[in-house]
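Worksheet: one structure, shown below.
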Amino acid sequence: MANNSRYAGIADVLAAEIADRPAGSRVASEHEIAGRFHVSRAAARAAVQELEQRLLVRRVRGAGTFVNRRTDLVLSRRQGPSLHETVRQAGGVARTVVRDVRLLPLPAAEAGLLERPPGSPAHLLARQSYIDGLLSVLALIWIPSDVLTEVGAAVHAVESLDTILRQMGGVEPVRAWCRVSCAVPAPEIAAQLETECGREVPLIESLSRDRATGLAVLCSSMWNRPDRTRVVVELDGPWQPPGPPRDRERGGGGGPCGGRCPLGG
């Protein structure tokens, strides 16, 4: 059997064995795999690398190799825009950390999406979200100041932005528009996401409106680690005419933040 077939076969056996094991379970070491299958250490290493490429395991320097499970982020008419609720329904636990929040004038692209005059004041938040303790998402979020006059204290005290908007802004956010693509994030975004610079990652761009009034209340660019999340789009519910935003050409990877990170590194 050719070497590549050999390690691929070992990877298939190991993949079947870990399929029902919980996330975070330790996987046999390269030394143990080599001894079990009577192959060289190099072949064992190639088998583990194959599992890693399939996103079935994750390797932690100095700690070992562990079973990896991706969380489904479902985008549908039935699913609200809350990341915490989406993760909960997928069986996971989300924790969000605010890295920065600033009051800035709305750039033209974001102003058009949010239907506000360019230069209108808006809060820009950078938030890292952890799913089951692992960094999984970096979100850049714009909220017009006429929706929330102050967000600094609230976003550090309450992790769910959906809850803050309901309780402080008196609005019920619903996803009105969404686009899913793969894009290369700017280096500072890749660094905050702790992913390889220059590598494409899934990007979810969205606009949320208030259910009662139709007012645009926030837009976001959500960058996802492909080894931690799987974006699932469900085209369910009744058909509706094309909605809100006027699509436009945007450089640098697209999205409300255009692949840029106005908050810096």
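In table form, for the structure just shown:
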| item | result |
| --- | --- |
| Among Glu17, Glu85, Glu50: highest mean-square fluctuation, GNM of the chain, C-alpha pairs under 10 Å | Glu17 |
| Theoretical ellipticity at 222 nm over the chain - DSSP helices of four or more residues, -39500 (n - 2.57) apiece, nearest 500 | -7500 deg cm²/dmol |
| Between 0 and 90°, nearest 10: helix 3-18 axis offset from the chain longest Cα axis | 70 degrees |
| Rg ratio (alpha-carbon, reference 2.2 N^0.38 Å) - the range 131-222 | 1.20 |
| Gain upon complete extension [Thr149, Gln53; 0.36 nm per residue less C-alpha separation] | 30.0 nm |
| Trypsin sites (Lys or Arg not before Pro) within the range 1-78, DSSP loop, no more than 14 other Cβ atoms inside 10 Å | Arg54, Arg61, Arg77, Arg78 |
| The chain: angle of helix 41-53 to the longest principal axis, Cα-based, in degrees nearest 10 | 20 degrees |
| Inter-probe distance in nm under a simple model that places probes 7 Å from Cα toward Cβ, at Asp132 and Val60 | 1.3 nm |
| Heavy-atom accessible area per residue - the chain, 1.4 Å, Å² | 50 Å² |
| Förster-model FRET efficiency, 25 Å R0, Ala23 and Cys197, C-beta, rounded to 0.05 | 0.40 |
| Gain upon complete extension [Leu215, Glu234; 0.36 nm per residue less C-alpha separation] | 4.4 nm |
| Carbon and sulfur %, accessible surface of the range 1-128 computed with the full protein complex present, 1.4 Å | 50 percent |
| Those residues of the range 48-83 whose amide nitrogen sits under 17 Å from the label point placed on Cys178, 7 Å along Cα→Cβ | 71-83 |
| The range 1-155, relative contact order [Cα under 8 Å, separation at least 6], % | 15 percent |
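The values are calculated or read from the model by the stated rules, or taken from the named source; none is laboratory data. Keep in mind it's a predicted model, so treat the numbers as computed, not measured. Using ideal geometry, Cβ is built from the backbone for each residue, glycine included, and neighbour counts are taken over all protein chains shown. Accessible surface is based on the protein model in full, side chains and every heavy atom, while ligands, DNA and RNA are left aside. Shrake-Rupley method; radii C 1.70, N 1.55, O 1.52, S 1.80 Å.
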